[in-house]
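*Asks:* Take this structure, written in structure tokens, and hold onto it; I'll ask about it next.
The values are calculated or read from the model by the stated rules, or taken from the named source; none is laboratory data. Everything numeric here is computed off the predicted structure, so don't read it as measured data. Positions of Cβ are generated from backbone atoms using ideal geometry, with glycine treated the same way; all protein chains shown enter the neighbour counts.
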Amino acid sequence: MSAFKLSDLKLETQDDKTFIKLPNGDFLEFTLNESAMMIDLRTSLGGDSVDALRIPNLPHIQWNWNNLKRGETPKWLDFDGFVFHPVSKSDDGQGNITFERITEVFNEKDVDAWTVYGCQDDESIGADIALHDCATESEARSLIRYCNSELQNALLDSMKKKAVSQILKKLDSDEDAPEQLGEFINQAAREFNLSKSDIHAELEKHI
């Protein structure tokens, strides 16, 4: 393959596929799942993978979150879910750039970004929060899958901590309680809909 500049490559989307077409006609196709980003080399778009690279999810590298410092991640438990909207960019002429949701029928040429929002049902917290401005609709969909995965993980961790906190309080309340540890774990597993192995693993961090 002849030498080429990375700046000459263009990230494109087609039929929910995100890819880069290389100068020799091959494709680099990008797929984001719950645990990693896959980069597949294909001779044709959607064809068999000739070679592949797996990049574990690194949120602070993949996504620059709005209004957060590099390396920081959103507080997932603040959100009830995630949505995305096409947005248009406006400049007041003084360097102040704002993005506004496009709510009516639109031409894709009018879309400057696809913004992913974290939804908050609690009115005391405020309106939906803009988390990241994506270049394409496909990227926004991938980011929402990632955000939903992180929310589920955060909810699971929260439940495990609550279950273990309950068990530890019972252990502290009675000298004979350690003999009932197995039953306490069974009760917590039923109450918080967790596996006993998850509770054991979390409990080991505190005992």
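*Asks:* Looking at the stretch 44-92 only, could you name the residues that are modelled with pLDDT under 85 and under 22 Å from LEU156 (Cα atoms)?
*Replies:* Selection gives PRO56, ASN57, LEU58, PRO59, HIS60, GLU72.
*Asks:* I want to confirm something. Restricting to the stretch 1-22 and keeping residues that are part of a strand (DSSP E or B) and among the hydroxyl-bearing types (Ser, Thr, Tyr), which single residue is modelled with the lowest pLDDT?
*Replies:* THR13
*Asks:* Could you check the stretch 191-207 and list, in sequence order, the residues that are part of a helix (DSSP H, G or I) and over 12 Å from MET159 (Cα atoms)?
*Replies:* Within the stretch 191-207, LYS196, SER197, HIS200, ALA201, LEU203 qualify.
*Asks:* Please identify the pairs in which a residue from the stretch 180-201 that is closer than 17 Å to LYS169 by Cα has its Cβ atom under 7 Å from the Cβ atom of a residue that is among the small types (Gly, Ala, Ser) and assigned to a loop (DSSP other than H, G, I, E, B), counting only partners at least 6 apart or on another chain.
*Replies:* Taking only residues 6 or more apart or on different chains, the pairs are ALA189/SER195.
*Asks:* Pairs only if they're at least six apart or on different chains, beta carbon under 8 angstrom, first in the stretch 118-141 and hydrophobic (A, V, I, L, M, F, W, C) and at pLDDT below 85, second part of a loop (DSSP other than H, G, I, E, B) and surrounded by 10 or more Cβ atoms within 10 Å (Cβ to Cβ); list them, first residue then second.
*Replies:* Final answer for the pair search is ALA127/GLN120.
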